Structure formats: structure tokens, C-alpha cells
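The values are calculated or read from the model by the stated rules, or taken from the named source; none is laboratory data. What you see is a predicted model, and the numbers here were worked out from it, not measured in a lab. Glycine also receives a Cβ, built like all others from the backbone with ideal geometry; neighbour counts cover every protein chain displayed. Note: accessible area is taken over every heavy atom of the protein model, side chains too, but ligands, DNA and RNA are not part of it. Shrake-Rupley method; radii C 1.70, N 1.55, O 1.52, S 1.80 Å.
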Amino acid sequence: MNAQAAKSVGIVGFGKMGQIRAQALEEDGRATVVKIFDPLPIDAPKYPVAASAEAIINDPDIGSIFICGVNDANMPLTQAALRAGKHVFCEKPPAFNAAQVREIMEVERACGKVLMYGFNHRHHGGVRKMKDVIASGVYGRVLWMRGRYGKSVDENYLHTWRADSARAGGGILLDQGIHMLDLFLHMGDVPFDEVHAFVSSRYWNIPGIEDNVFAIMRNRDTGIEVSFHSTMTQWRHLFSLEVFLERGYLVLNGLKTSSGTYGEEQLSIAKNRSIAPAACWENEEKLHFRVDTSWRSEAEHFMDAVTLGMPVTYGTSEQALEVMSLIDRIYENDHRIGDDLHEKLQVVGE
């Protein structure tokens, strides 16, 4: 594949995410979107529309493909595009479980093309600053983290593909919680080998689609502990990531998004004190990130890999495997066994 072909991009799935990716590629300036496809009609398309996803994948003049469709299509389209000799950018989730990610990685190794996944939150200004502070070592090692990520959905949600477990693969954990889990792995730089979780669907009651996940996790070697809540019954949209270290803390509240529903992206940083009085609000340094440059940053990262041969560092298949392995552990360690025990005790009591 020549350098010019690599810069010719096809986008499979041209809903909200496909349009965001196209805009980010235009802002980067190195790629040209030459064809798009979506199974639904596209109003006033800005780019030539292909007849099918396969028409884009098999087009010899297209060197890079963005996959921005429904979850169940991510794995087969990624594999097909890699086998066709294309560089691939795919939205999360990469697949429905870790075993499927390993299958994708086998194809990736055989084809030798760039594969990058859309873990966009790593590119947010507040998140990047947090990672820089942790990496500096100024505040010592990470002790524990806490993350909450929630949104509100209405009854219209019940009529979308996200409410179909066969197409979505799961509920709020795969939809939104996956980003917070990825940030835990990113900030802590360790896997979590102890996992306890509660996975439930008690409000929307959609089979196979969880609306709440509570989990606690720990890395045995470092002792880093994590508290996690992912929910779609958060009637007030919320993003909050807290990282507490030996000599200070980082608290990111809010996330700059196009909808503005998560509020202002504000990072608070402060050193701790070992004697009273403890750190107080007035001593915090507050950084505000008022412009969302994450999409442009992610497009730049992908194009650096495609055109300059630079390594992918955010959104690798290895990172995708790590987060999907953690999601597997959460589903597997759902402590609904407690409900079973309660039922058994009732039987014994009778």
C-alpha cells in the first residue's frame, strides 16, 4: 500500500460517531474521506456513499477504514478489513469478550497493519494532565482510585439497538463503563486480579442489558484498590474520577462533551498533609478544560501511526484485551450468589 492510499479513508457506520470521526480527520488534515456507508439512509451526504460495508473494505483505493457501527459488527468488520490489507480504527467495544479480542489479535499479527481502538477518554485534557502528574512521581505512588460514570436514558432507549443484547453485547458496562475501566488501567498501570461486583437490571428490566454495575477491584502486588460505579439510572449525568496518591490527590469532575451534559471538565490537584489540618478546598489548584480537543487528538494519533509509522500507544489491541478481560471478570464475579444464599436460608427456615 502506498502512502497516498493509506490516507484515503472509508467510514463504515455514519451515525453520530462516524460524523465525529470524519470531522476530526478533516481537522487533522492528512486524510481524505473518500467513501462512507451506513445501513440507514444518510441525509445530504457530504461524501460519496458506498453500497455496502464490503464495498469499502474491498476498495483497492482505500487504505484506512474507520468502523463506527453497531457493537456486534465491530469484530467481523475489523477482521475483514485487516485481511483486506487496511489500517483499521474501530470504536469500542472491540468485541463482546476477551477471547474474541484474542482472535482479532491473531489476524492483526498476521496482517501487520495498524489497529487502533477508540478509547477517546484517554485524550481528554483533564485525563492527560492526570496521567502526566502521576508519571512525574511528584505525588508518589497511586494508593487507590474511585470512578463514577452515569447517565440517564428514557423509554426511547428501549427501541434502539442498545437495548438488544444480541447486537449490543451488554448494557451500561460496555456502553459507558468500559471507558472508566480503561482509565483505571491507564492511571494505575496495573491489572486488577481481585474483582467483586454487583450487576443488575432492576429499573429498565431489559434481558441481558444491565443498568447498574458496582464493583471493587484490587491489584495484589501493588495493593491499588478501586471503587467503580457505572449506571444508566443516574438522572443527573455524571463523570468523576479520583486518584489518591501518597503525597496528594487528583480529582477530575465533569467531562467536556458536545452535549454539555456532563458539566465543566475541572481537575483539582493538591498535596496532602500528614498532620492537621488536612488539605482544604482553598489549597487546591483547579484546572479548567473548556475546549474538547480529544477527537482531534485521537485522529492525529491514528494518522501518526498510519503515515509516520509511529507506534500506537493509546487504544492498542493489548489495552483492548486488558479492559475486556476486566469486563469478563466483572460479569463472572457478579455476586448474585448472595440472592441465592438468601433463598436457601428462607427454605431452611421453613
Worksheet item: Rounded to the nearest 0.05, what FRET efficiency do ALA55 and THR261 have when you use their Cβ-Cβ distance and R0 = 35 Å?
Response: 0.45
Discussion item. What number results when the radius of gyration of region 281-327, computed over Cα atoms, is divided by 2.2 N^0.38 Å?
Written reply: 1.69
Practice prompt. Convert 25 °C to kelvin, take the viscosity as 0.890 mPa s, use the Kirkwood radius over C-alpha pairs of region 54-207 as Rh, and evaluate the Stokes-Einstein diffusion coefficient in µm²/s, rounded to a whole number.
Written response: 137
Discussion item. Under the √(5λ) rule applied to the eigenvalues of the Cα gyration tensor, what semi-axes describe the equivalent ellipsoid of region 141-244? Give them in Å, descending.
Written reply: 27, 13, 11
Worksheet item: Counting only the heavy atoms of the protein chains, how much of SER227 is accessible to a 1.4 Å probe, in Å² to the nearest 10?
Response: 50
Worksheet item: Counting only protein heavy atoms, what percent of the accessible surface of region 191-234 is carbon or sulfur at a 1.4 Å probe?
Response: 53
Fill in: Between 0 and 90°, nearest 10: helix 125-136 axis offset from the chain longest Cα axis
60
Worksheet item: Once the principal axes of the Cα atoms of region 1-57 are found, what is the range along each, listed largest first in whole angstroms?
Response: 32, 24, 16
Discussion item. Averaged across orientations, what area in nm² does the convex hull of the alpha carbons in region 1-136 project?
Written reply: 9.4
Worksheet item: Ranked from the most accessible area to the least, with a 1.4 Å probe and all protein chains present, what is the order of GLU210, GLU225?
Response: GLU225, GLU210
Worksheet item: Which value results for Rg/Rh of region 76-147 when Rg is the Cα radius of gyration and Rh the Kirkwood radius based on the inverse mean 1/r?
Response: 1.13
Worksheet entry | Simple spin-label estimate for ASP221 and LYS16 in nanometres, 7 Å along Cα-Cβ | 3.8
Discussion item. Above 19 Å lies some portion of the pair distances; for region 166-303, what is it as a whole percent of all C-alpha pairs?
Written reply: 63
Item to complete: Give me the accessible area per residue for region 113-238, probe 1.4 Å, as a whole number in Å².
Response: 42
Worksheet item: Which one of LEU115, VAL133, ILE65 is farthest out on the positive end of the charge dipole of the chain, using unit charges on Cβ (Lys, Arg +1; Asp, Glu -1) and the Cα centre as origin?
Response: VAL133
Worksheet item: Any idea what log10 I(q)/I(0) is at q = 0.11 Å⁻¹ for the chain, Debye with uniform C-alpha scatterers and no solvent?
Response: -0.78
Discussion item. Can you show me the helix-derived [θ] at 222 nm for the chain, built from DSSP H runs with n ≥ 4 at -39,500 (n - 2.57) apiece and divided by the number of residues, rounded to the nearest 500.
Written reply: -10500 deg cm²/dmol
Worksheet, complete the sentence: Between ARG236 and GLU103, Cβ-based FRET efficiency (R0 41 Å, step 0.05) works out to 0.55
Practice prompt. For every other residue with a beta carbon closer than 9 angstrom to the beta carbon of GLY171, add +1 if it is Lys or Arg and -1 if Asp or Glu, then tell me the sum.
Written response: -2
